[in-house]
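Report on the structure given below.
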Amino acid sequence: MAYVTKSPWVIHYDGSSCNGCDIEVLACLTPMYDVERFGIINTGNPKHADVFLVTGSVNEQNKEVVKQIYEQMPEPKAVVAIGICACNGGIFKECYNVQGGVDTVIPVDCYVPGCAARPEAIIDGVVAGLGVLAAKREAMAKGGSIPAPEAPAEEGKEEA
Amino acid sequence: MAKRTIIPFGPQHPVLPEPVHLDLVIEDETVVEAIPSIGFIHRGLEKLVEKKEYTEMVYVIERICGICSFGHGWGYVHCVEGAMGVEVPERAEYLRTILHELGRIHSHLLWLGLLADGFGFESLFQHCWRIRETVLDLFEETTGGRVVFSICKVGGMNKDIDNDTLKKIVTTLRGIEKEIKQYTDVFLEDTSVKNRLCGVGVLSKQDAIDLCAVGPVARASGVEQDIRLAGTGMYQELGFEPIIEEAGDCYARCKVRIREVFQSIDLIDKAVAKIPDGEIDAKVKGNVEGEFITRMEQPRGEAVYYCKGQGTKFLERMRVRTPTNMNIPAMVKMLQGCDLADVPMVVLTIDPCISCTER
């Protein structure tokens, strides 16, 4: 836990999840799980956020919104995909309007599976995301480029 | 005439846990018109009936919405049971009623928290959600899940809840009742809260009827409409009376939901006292042939389930009409003429569940 030296703020966006993971994300913020003890606050403004929590899969309409929020966040930033839908589409994988996990649109640093993901798992995922954030910050301080976990998918890769 | 401006609201907005987009046409500070656009979380899960067997489909239907997941599961199995003519044992029906009402308590407490967050009363939000965790613990103890339960199946229940646990549910709920009252009184009596809610977003009774509002939105405008009266579940045996308020503003909608929390606690108490011993599931043979339609009162209002089968393992068509879908026209009506600062309140008080709406 040595790397929690800053107060990382999170932003949450619901891709096309069923709400189950969203209310669990919100439950993390409330007294029972209380992520504020790690200095984590939920913010509505992407420009204030360090960690991006995405629940649910992406489709043609919300793809741009997810991308926009990601691009508006300042570097360094970490993305945590919450719930199996955000990881790969989950139970809705075969639906016609589901294009797959969030990693088809933006690079994802941590995956939290589960349907719905339990708050304990979400906290674990976010804390792992903080490690990624710290590594990125260090790399930036040294003047190097930010180590991307993987390149964002190209247009053609989405069909895979 | 003042200049008209369009202000976009959503899809990503601090007060919205879910994405919905509104184009607010404003004149000075007053909203003249609101144009909603939806479709950010459409998945198309009704089409999955072609790929999943009707017994598996219940797990998909439960994930229409994580907040009223039990209610959706029940609505679907009730619809399939109706089409197949399955007689569900009474104990299973009672268990479903109890879990459904527990779900209503959890949904309304969640909503009260979001409302408090919406008008910036952060500590009230935290308290509502803290109490809600007690209800989630009851869910976890009885079904194993916190938000999605998978306990309903076609023909009955997957798991029985023994009578001691049922009694424990009642004692726990009675234990937190006082605490809930302490915080709901803040909603109903605190001056600063009342200033945000009273007289805001008024929906007249005639408008509620004309625009087909459902659930607490309709009941807060004086429309006596509650599908729990229609015969699904064990509500008739429990002596159920719908809760009606007349004012039709945000305060009335808040009051209806608060009163429903306490009503649900009473209903669970009565159901636990009356629940008979016996089987929890009936044998289900064969496949769905023909069609059936069912109505169910979800925490947000009336939901309609339709299924059609042709004697194969896969249903031919499945359709769900969800409550928020019906409340959006009413919301647009309420937004006309309200202040820009009141928009979050009006949007929140219809208790929008966008993942229900778009499926």
Using the structure shown, decide if B:Glu133 is part of a helix (DSSP H, G or I), within 23 Å of B:Ile61 (Cα to Cα) and either without any contact (Cβ under 8 Å) to a residue 60 or more places away in the chain or among the aliphatic types (A, V, I, L, M) (or both). no
Kindly indicate the residue of the range B:171-212 that is more than 17 Å from B:Val256 (Cα to Cα) and either of a type in the set (Lys, Arg) or in contact with a His (Cβ under 6 Å, 6 or more places away or on another chain) (or both) and also surrounded by the most Cβ atoms within 10 Å (Cβ to Cβ) among those meeting that condition. B:Arg174
Residues in the range B:229-247: is at least one within 24 Å of B:Arg132 (Cα to Cα) and assigned to a helix (DSSP H, G or I)? no
Within 12 Å of chain B (Cβ to nearest Cβ) and touching a residue at least 12 places away in the same chain (Cβ under 8 Å) - does that describe any residue in the range A:101-113? no
Within the range B:143-180, restricting to residues that are of a type in the set (Asp, Glu) and in contact (Cβ under 8 Å) with a residue 24 or more places away in the chain, the one that is nearest to B:Glu279 (Cα to Cα) is B:Asp160
So, in the range A:4-42, how many residues would count as being exposed (fewer than 15 other Cβ atoms within 10 Å of the Cβ) and among the hydroxyl-bearing types (Ser, Thr, Tyr)? 2
Out of all the residues in the range B:25-42, is one or more surrounded by 22 or more Cβ atoms within 10 Å (Cβ to Cβ) and under 24 Å from B:Gly103 (Cα atoms)? yes
Restricting to the range A:44-81, and then to whatever is among the hydroxyl-bearing types (Ser, Thr, Tyr) and within 11 Å of chain B (Cβ to nearest Cβ), can you tell me which residue is farthest from A:Asp103 (Cα to Cα)? A:Thr55
Where in the range A:26-121 are there strands (runs of 3 or more DSSP E), lying fully within it, with 3 or more residues that are of a type in the set (Val, Ile, Thr)? A:51-55, A:78-82
Has the range A:79-94 got any residue that is free of Cβ contacts under 8 Å to residues at least 60 places away in the same chain and touching a Lys or Arg at 6+ places or on another chain (Cβ under 8 Å)? yes
Quick one: count up the residues across the range B:33-87 that are more than 20 Å from the chain's Cα centre (by Cα), more than 7 Å from chain A (Cβ to nearest Cβ) and under 29 Å from A:Lys63 (Cα atoms). 9
So is A:Arg137 among the charged types (D, E, K, R) and modelled with pLDDT of 85 or more or not? no
Name every residue in the range A:83-100 that is away from every other protein chain (no Cβ under 12 Å) and buried (at least 24 other Cβ atoms within 10 Å of the Cβ), in order of residue number. A:Ala86
Out of the residues in the range B:259-313 that are among the acidic types (Asp, Glu), farther than 20 Å from B:Glu224 by Cβ and out of contact with any strand residue (DSSP E or B) (no Cβ under 8 Å at 6 or more places or on another chain), which is surrounded by the fewest Cβ atoms within 10 Å (Cβ to Cβ)? B:Asp277
Residue count, the range B:73-104 (criterion: hydroxyl-bearing (Ser, Thr, Tyr) and surrounded by fewer than 22 Cβ atoms within 10 Å (Cβ to Cβ)): 0
Could we say that B:Ala341 is in contact with a Ser or Thr (Cβ under 6 Å, 6 or more places away or on another chain), among the small types (Gly, Ala, Ser) and away from chain A (no Cβ under 14 Å) here? no
Where residues in the range A:1-43 are over 15 Å from the mean Cα position of the chain (by Cα) and of a type in the set (Gly, Ala, Ser), which of them is farthest from the other protein chains (Cβ to nearest Cβ)? A:Ala2
Let me spell it out: the conditions are (1) in a loop (DSSP other than H, G, I, E, B); (2) aliphatic (A, V, I, L, M); (3) in contact with a Cys (Cβ under 9 Å, 6 or more places away or on another chain), and B:Val223 meets all of them except one. Which number is the exception? (3)
When (1) crowded, with 24+ Cβ neighbours inside 10 Å; (2) closer than 27 Å to B:Ile293 by Cα are applied to B:Ser150, the one that fails is (1)
Breaking point among (1) in a helix (DSSP H, G or I); (2) touching a residue at least 24 places away in the same chain (Cβ under 8 Å); (3) under 22 Å from the mean Cα position of the chain (by Cα), for B:Glu140: (2)
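The values are calculated or read from the model by the stated rules, or taken from the named source; none is laboratory data. These numbers were taken from a predicted model, which means no experiment stands behind them. Reconstructed Cβ throughout: ideal geometry from the backbone, glycine too, with neighbour counts over all protein chains shown.
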